[in-house]
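The values are calculated or read from the model by the stated rules, or taken from the named source; none is laboratory data. Bear in mind that the values here come from a model prediction, so they are computed numbers and not experimental data. Every residue, glycine as well, gets a Cβ built from its backbone with ideal geometry; the counts of neighbours run over all protein chains shown.
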Amino acid sequence: MPATRIDTRRGWIADRRTPLLEAVQRALVAGLRIPPGDRSIVLAEHDADAFRVPEDCGEAFMVVEIALISGRSLDAKRRLYGAMAEEMARFGVAASDLRVILRESPAENWGVRGQPASEIDLGFEVNV
């Protein structure tokens, strides 16, 4: 159920958008233990003059922001960060060029199927 946004510079992904999105999904499944079919991922590629990166980072610098329901353990977050770094390395993204930012909010702040997520069965455990 996480909502994920990837921001990076245009050009380096080329025709690998779908494989990159699938790699991010695998990292989410491995780290947060969500169902494999639970996906909401957006890829935003920016012109170099519209996406400034740290001076010591390469062209493949990316920011992955994940909005999710609060409750994941530090171990789950560690799994996620490690899995994301491992998956992105396959695309030539150095761990130093990867930022993963978690934005957590309570389940009652997520509207799902017209109801607060706190009042429905999500089909997976949040407190992992």
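Name the single residue that is nearest to ASP15 (Cα to Cα) among those in the range 91-100 being without any contact (Cβ under 8 Å) to a residue 40 or more places away in the chain and touching a helix residue (DSSP H, G or I) at 6+ places or on another chain (Cβ under 9 Å).
Ranking the candidates gives VAL93 first.
Within the bounds of the range 46-67, is there any residue that is closer than 24 Å to ILE120 by Cα and under 11 Å from the mean Cα position of the chain (by Cα)?
Yes, because at least one residue in the range 46-67 is closer than 24 Å to ILE120 by Cα and under 11 Å from the mean Cα position of the chain (by Cα).
Residues VAL63, VAL128: which one is surrounded by 11 or more Cβ atoms within 10 Å (Cβ to Cβ), farther than 22 Å from ARG17 by Cβ and touching a residue at least 12 places away in the same chain (Cβ under 8 Å)?
Exactly one residue qualifies, and that residue is VAL128.
Can you pull out every residue in the range 27-42 that is in contact (Cβ under 8 Å) with a residue 12 or more places away in the chain and closer than 17 Å to ARG72 by Cα?
ALA27, LEU28, ALA30, GLY31, LEU32, ARG33, ILE34, PRO35, ASP38, listed by residue number.
Being more than 17 Å from GLN25 (Cα to Cα) and among the aromatic types (Phe, Trp, Tyr) narrows it down to one of PHE91, PHE61, so name that one.
PHE61
Scan the range 110-124 for residues that are within 23 Å of VAL24 (Cβ to Cβ) and either surrounded by 12 or more Cβ atoms within 10 Å (Cβ to Cβ) or hydrophobic (A, V, I, L, M, F, W, C) (or both) and jot them down.
Within the range 110-124, TRP110, VAL112, ALA117, LEU122, PHE124 qualify.
When the residues of the range 79-90 are filtered to those that are in contact with a helix residue (DSSP H, G or I) (Cβ under 6 Å, 6 or more places away or on another chain) and in contact (Cβ under 8 Å) with a residue 24 or more places away in the chain, which remaining residue is nearest to ALA14 (Cα to Cα)?
GLU87
Of the residues ARG113, ARG52, ARG103, ARG39, which single one is of a type in the set (D, E, K, R) and touching a helix residue (DSSP H, G or I) at 6+ places or on another chain (Cβ under 7 Å)?
The conditions single out ARG39.
Looking only at strands (runs of 3 or more DSSP E) that fall completely inside the range 21-128, which ones have 1 or more residues that are among the basic types (Lys, Arg), within 15 Å of THR4 (Cβ to Cβ) and at pLDDT 95 or above?
98-105
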